[in-house]
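The values are calculated or read from the model by the stated rules, or taken from the named source; none is laboratory data. For clarity, every value in this text was computed on a predicted model and none was experimentally measured. Glycine also receives a Cβ, built like all others from the backbone with ideal geometry; neighbour counts cover every protein chain displayed.
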Amino acid sequence: MKLPTRARDLPGRISTGAFILHAGLGKWSADEASVQGLHAMASAAFPILRRIPPVRFGRLLAAGEIATGAALLTPLVPAGLAGGALTIFSGSLVAM
């Protein structure tokens, strides 16, 4: 079976994916003060996020990071799809 990921892409995908997955797992069990801080920072960049309660926003953010990290770590996910997820994730960070 041929994997859609080339061997030369693996070091970057593993290091980036592990970092983002770790960050998402840390946010999944974050305390309320941390979640409120994240929500305030994100709401300043994207005002529409003010409608979402901070705790729910924290869970959604954590789930997004976990999914992005897992996609990068899974060699069966094509590089284009994993790169697209990473582009959206990093673009939102730059906007904040």
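Points worth noting:
- When the range 7-50 is limited to residues that are outside any helix (DSSP H, G or I) and not aliphatic (A, V, I, L, M), the one that is surrounded by the most Cβ atoms within 10 Å (Cβ to Cβ) turns out to be F46.
- There is no residue in the range 33-55 that is within 30 Å of R8 (Cα to Cα) and modelled with pLDDT of 90 or more.
Conditions tested, residue by residue: (1) among the hydrophobic types (A, V, I, L, M, F, W, C); (2) out of contact with any strand residue (DSSP E or B) (no Cβ under 6 Å at 6 or more places or on another chain); (3) touching a residue at least 24 places away in the same chain (Cβ under 8 Å).
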| residue | (1), (2), (3) |
| --- | --- |
| A45 | yes, yes, yes |
| I48 | yes, yes, no |
| R51 | no, yes, no |
| G58 | no, yes, yes |
| E65 | no, yes, yes |
| G69 | no, yes, yes |
